[in-house]
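Working notes, beginning with the structure itself.
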Amino acid sequence: MSLSYQSIPLDAINGTAAWNLHPWEGRVIPPELQESLALNGVLHPPFVIADVAETFAVVSGARRIEFVRKSHGPAHIDCLVVAKETPHRAVLNLVLADQSCVSPLSLAEKARFIEIAGQFLKMDDIATLYRTRLQLKNGRSAPADLLKILQQDVEIIREIHAGRLQERMVTELLSLPEESDRLTLVQLFKDLGMGDGKQKKFFTLIRDIAFRKGSSITSLLQKEDIRAILDHAELNIPQQIHHLGNLLQQEINPSSSLAEGVFTKQVKTLQLPKNYAVSHSPSFERDEVTLAITFKNFAECQHYLGQSPQPIP
């Protein structure tokens with residue numbers, strides 16, 4: 001691949017996003033990148049490719065170019081120029097390599113790369129050529145499945161790109177038929193700062209309750225009792241999550257919730273020491289209960305059991 005180092009007039013660089021791996025970010029420069037560029041300048045030259053009429057299209061580094069534009073500095077920027085006749089596969093490899101040098105591709109960026117590559121290659125070829133580098137799942141449908149991400153609302157794409165939605169949760173969300181429900185859940189996860197584990201738990205509860213009631217998820221989360229928790233001015237986020245979880249659990253399994261309340265009262269009547277805990281079987285499937293005792297160390301446990309400390313072999 002032929003590359004040349006040139007000083008390019010900013011006016012000669014067009015605004016196309018043809019090769020951009022994250023067009024949903026627009027021209028917004030993240031604060032950490034803004035700070036780095038302001039402190040150190042552009043250390044890594046952008047890649048551009050010769051276009052028509054002595055203009056250039058950005059291959060990578062659009063935000064670096066945007067920084068120079070906004071800084072009202074030089075009217076030129078030093079770039080690595082890709083020759084116009086460069087094969088598309090070579091440019092694709094350059095895009096992938098350049099982004100990978102900064103950080104691993106997000107799930108959304110992988111989808112965008114496949115979208116770009118799809119203009120020049122068949123999906124089967126993309127899966128064969130880039131399966132390892134993109135860490136694609138096995139199966140011919142993997143590239144096409146990822147492309148579904150780009151059909152979502154831009155807010156969902158941004159959450160996926162930021163890594164706040166993991167791949168398994170993305171798959172679950174995409175299984176919902178209504179875009180409004182997907183967006184409502186993503187906004188809930190974002191507002192409550194839910195990690196992967198809580199997302200899975202609340203997704204299942206909310207989806208199953210909505211299905212049982214024949215309601216949309218959006219309508220369900222607008223119910224008065226749920227809004228009373230989410231809009232409560234005095235509850236912090238952990239408290240909101242706790243109360244919402246209890247409410248949803250009671251909704252999905254009223255008998256289990258009632259049994260939980262009775263069990264809690266029964267345990268209180270035992271007046272156990274602080275280091276004692278009694279737990280029931282999952283969902284009260286069995287009558288058995290478990291008594292757990294927490295000791296400060298192993299020696300204290302031995303003393304409680306009436307055993308002498310044993311030498312370590």
- When residues of segment 181-222 are filtered for being touching a helix residue (DSSP H, G or I) at 6+ places or on another chain (Cβ under 7 Å), polar (S, T, N, Q) and in a helix (DSSP H, G or I), how many remain? 3
- Task: For ALA90, indicate whether it is among the aliphatic types (A, V, I, L, M), in a helix (DSSP H, G or I), over 22 Å from LEU147 (Cβ atoms) and at pLDDT 90 or above.
- Result: yes
- Note on the structure: Of the residues in segment 70-104, those that are more than 34 Å from the chain's Cα centre (by Cα), open to solvent by 70 Å² or more (accessible area, probe 1.4 Å) and within 20 Å of VAL28 (Cβ to Cβ) number 1
- Residue count, segment 105-132, condition under 18 Å from ASN20 (Cα atoms), more than 19 Å from the chain's Cα centre (by Cα) and part of a helix (DSSP H, G or I), comes to 5
- Item | Positions within segment 16-29 being over 25 Å from ARG89 (Cα atoms) and open to solvent by less than 30 Å² (accessible area, probe 1.4 Å), in sequence order | ILE29
- Item | Candidate set: segment 133-169, residues that are more than 18 Å from TRP24 (Cβ to Cβ) and hydrophobic (A, V, I, L, M, F, W, C); chosen: the one nearest to the chain's Cα centre (by Cα) | MET169
- Starting from segment 259-279, keep only residues that are among the hydroxyl-bearing types (Ser, Thr, Tyr), then list their pairs with residues that are loosely packed, with under 11 Cβ neighbours inside 10 Å whose Cβ atoms are within a distance under 6 Å, requiring at least 6 positions of separation or different chains. SER279/THR290
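The values are calculated or read from the model by the stated rules, or taken from the named source; none is laboratory data. Owing to the predicted nature of the structure, the values given are computational and were not obtained by experimental measurement. Neighbour counts are summed over all protein chains in view; Cβ atoms, including those assigned to glycine, are modelled from backbone coordinates with ideal geometry. The area values use the complete protein model at the heavy-atom level, side chains included, leaving out ligands, DNA and RNA. Shrake-Rupley method; radii C 1.70, N 1.55, O 1.52, S 1.80 Å.
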